[in-house]
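Structure, as structure tokens:
Derivation of every value follows stated rules applied to the coordinates shown; laboratory data play no part. From a predicted model like this one, the values you see are computed outputs, not experimental measurements. In this analysis, Cβ positions are derived from the backbone assuming ideal geometry, glycine residues included, and neighbour counts consider all displayed protein chains.
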Amino acid sequence: MPELPEVETVVRTLRPHLVGKQIVAVSHLDWPSTVQPMPPDLFREAVRGATVAAVSRRAKYILIGLQGGGSLVGHLRMTGQLVYHATPTTPGRFTRLVLDLDDGGQLHFDDMRKFGRLRYVAADERLEDALPDLGPEPLAENFTAADFSQLVSAKLARRANPVLKAILLDQSFLSGLGNIYADEALHLSGLHPLRTLRSLDEQESGRLYVAIRQVLNDSLTNNGTSFSDYRDGLGNKGSNQDFLHVYHRTGQPCHVCGTPVEKVVVGGRSTHFCPQCQPAAAGG
DNA sequence: ACATATTCCTGGGGGC
DNA sequence: TGCCCCCAGGAATATG
């Protein structure tokens, strides 16, 4: 599942191959929902002739800025892959969209499950209006422990008290974490996923902040987690799946204490934790 | 405000 | 071998 480190890796690997290139045609588009809400014909028309000015990331969104101010806003969801091919390549079984570039290369959007999107946002539309409400970037240099603590306080001040797993998945609270890194961050910080936000003391909040940044940075170093479908912008796997501590390790020994990893469902999401390293709050 | 269910999708795994 | 069922899950949406 592409989360912040995976999307950032895609952006970094695509950028040198896309910036300055002109999109000469949309040569394949077999799933209209991929470019919704714009009808496929209008998408082809809007994108044809555009030149890529920049490739960046906001939360789990891939932003391809175009000269003239338009943008392509991509989200890989579960199984999406945005891959640059240096030479024309026959669309695969799961290729939903192909952009032909003026260097003879192509940008393929492959997506088995069809949840991914690559939307065109016109120059006269505000990019922030095209994106949902998104919390801070956890890896931003100016995002400090104090900022995180403030974020928690603000949430609590609104009479909210979600469980930790749920709040870490809430993109409007903090952006970029998904199921893998939420579980990994809670394990690294020694916090049970069903602890509530209000139950955190200052030290635990600090540990969680450090752990979030640690698991994301570690995964970036490993080019992301290729647990199943994730590939970078050149089609290569990451290696962070070899270093996960709890995610998808149900029943296997905790790397820290040897206790079998447990799995529960929180908010409809499978949640993995070590009952020894991540004790439940006293009293339940 | 939060929890839960539903929708979108399809490959793959478990059960028989 | 081959069904059927159900699961995986990010995010939007609806309902309690």
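Provide the gained length on full extension for the span A:Asp103 to A:Arg48, in nm with one decimal, where the gain is 0.36 nm per separating residue minus the Cα-Cα distance.
Value of the extension gain: 18.4 nm.
Rank A:Arg249, A:Arg159, A:Arg57 by mean-square fluctuation in a GNM of chain A with C-alpha springs under 10 angstrom and give only the top-ranked residue.
Maximum fluctuation in the GNM of chain A, among the listed residues, is at A:Arg159.
Each label point is 7 Å from the Cα along the Cα-to-Cβ direction; what then is the distance between the points at A:Thr90 and A:Arg58, in nm?
Taking the two extended label points, one gets 4.0 nm.
Based on alpha-carbon atoms only, what is the radius of gyration of region A:4-130 relative to the globular estimate 2.2 N^0.38 Å? Before the final figure, lay out the partial values.
Details: Rg = 13.0 Å, N = 127, 2.2 N^0.38 = 13.9 Å.
It is 0.94.
In nm, give the distance between the simple-model label positions of A:Ala122 and A:Lys263, each being 7 Å from the Cα along the Cα-to-Cβ direction.
Distance between label points: 4.7 nm.
Less than 14 Å apart at the alpha-carbon level, and either on another chain or at least 8 residues along: which aspartates and glutamates does that give for A:Lys263?
Within the straight-line cut-off, A:Lys263 pairs with A:Asp183, A:Glu184.
Can you tell me the order of A:200-209, A:232-241 when each peptide is scored by its average per-residue count of other Cβ atoms within 10 angstrom, highest first?
The peptides rank, most packed first, as A:232-241, A:200-209.
In vacuum, with every alpha carbon of region A:145-273 counted as one equal point scatterer, what does the Debye formula give for log10 I(q)/I(0) at q = 0.15, 0.16, 0.20 Å⁻¹? Two decimals, please.
So the normalised log intensities work out to -0.71, -0.81, -1.19.
With each run of n ≥ 4 DSSP H residues scored as -39500 (n - 2.57), what mean residue ellipticity at 222 nm is computed for chain A after dividing by its residue count and rounding to the nearest 500 deg cm²/dmol? Show your work: numbers first, answer last.
Values: 7 runs with 77 residues, N = 284.
Rounded to the nearest 500, it is -8000 deg cm²/dmol.
Please report, largest first and rounded to whole Å, the three semi-axes of the ellipsoid equivalent to region A:39-79, where each semi-axis is the square root of five times an eigenvalue of the C-alpha gyration tensor.
They are 19, 15, 6 Å, listed largest first.
When the Kirkwood radius is taken over all Cα pairs of chain A, what Stokes-Einstein diffusion coefficient follows at 37 °C and 0.692 mPa s, in µm²/s? Mind dumping the intermediate values first?
On the way: Rh = 19.9 Å.
Roughly 165 µm²/s, to the nearest whole number.
Cα centroids of region A:161-192 and region A:1-45: how far apart, whole angstrom?
Going from one Cα centre to the other spans 28 Å.
Counting only C-alpha contacts under 8 Å and six or more residues apart, can you give the relative contact order of chain A as a whole percent?
20
Please give every one of the lysines within straight-line cross-link reach of A:Lys114, meaning a C-alpha to C-alpha distance under 24 Å, and leave out same-chain neighbours fewer than 8 residues apart.
Counting by Cα, and skipping residues close in sequence, A:Lys114 has these lysines nearby: A:Lys60, A:Lys237.
Pick from A:Asp100, A:Asp129, A:Asp229 the residue whose mean-square fluctuation is largest in a GNM of chain A, springs joining Cα atoms under 10 Å.
Per the Cα network of chain A with a 10 Å cutoff, A:Asp129 tops the list.
Between A:His255 and A:Gln276, with labels modelled 7 Å along Cα→Cβ, what's the label distance in nm to one decimal, could you check?
Result: 1.6 nm between the two label points.
Return the FRET efficiency for the residue pair A:Asp147, A:Arg198: r is the Cβ-Cβ distance, R0 is 25 Å, and the value is rounded to the nearest 0.05.
Efficiency computed from Cβ-Cβ geometry: 0.85.
Near A:Thr144, within a Cβ-to-Cβ distance under 15 Å, what is the net charge of the other residues, with Lys and Arg +1 and Asp and Glu -1?
So the environment of A:Thr144 carries a net charge of -2.
State the volume of the convex hull built on the alpha-carbon positions of region A:1-67, expressed per residue in Å³ and rounded to an integer.
Roughly 105 Å³ of hull volume per residue.
Once the Cβ-Cβ distance between A:Ser33 and A:Ser172 is put in as r, and R0 is 35 Å, what FRET efficiency do you end up with, to the nearest 0.05?
Values: r = 24 Å, r/R0 = 0.68.
The computed FRET efficiency comes out at 0.90.
Got a sec to turn the phi values of region A:132-142 into Karplus ³J(HN,Hα) couplings, 6.51 cos²θ - 1.76 cosθ + 1.60 with θ = phi - 60°, whole Hz, x for Gly and Pro?
x, 5, 10, x, x, 7, x, 9, 4, 4, 8
In a GNM of chain A with a 10 Å cut-off on Cα contacts, which of A:Thr225, A:Thr259, A:Thr13 has the highest mean-square fluctuation?
Among A:Thr225, A:Thr259, A:Thr13, the largest GNM mean-square fluctuation belongs to A:Thr259.
Aspartates and glutamates within cross-link reach of A:Lys155: Cα-Cα under 14 Å, excluding same-chain residues under 8 positions apart?
In chain and number order, the partners are A:Asp147, A:Asp170.
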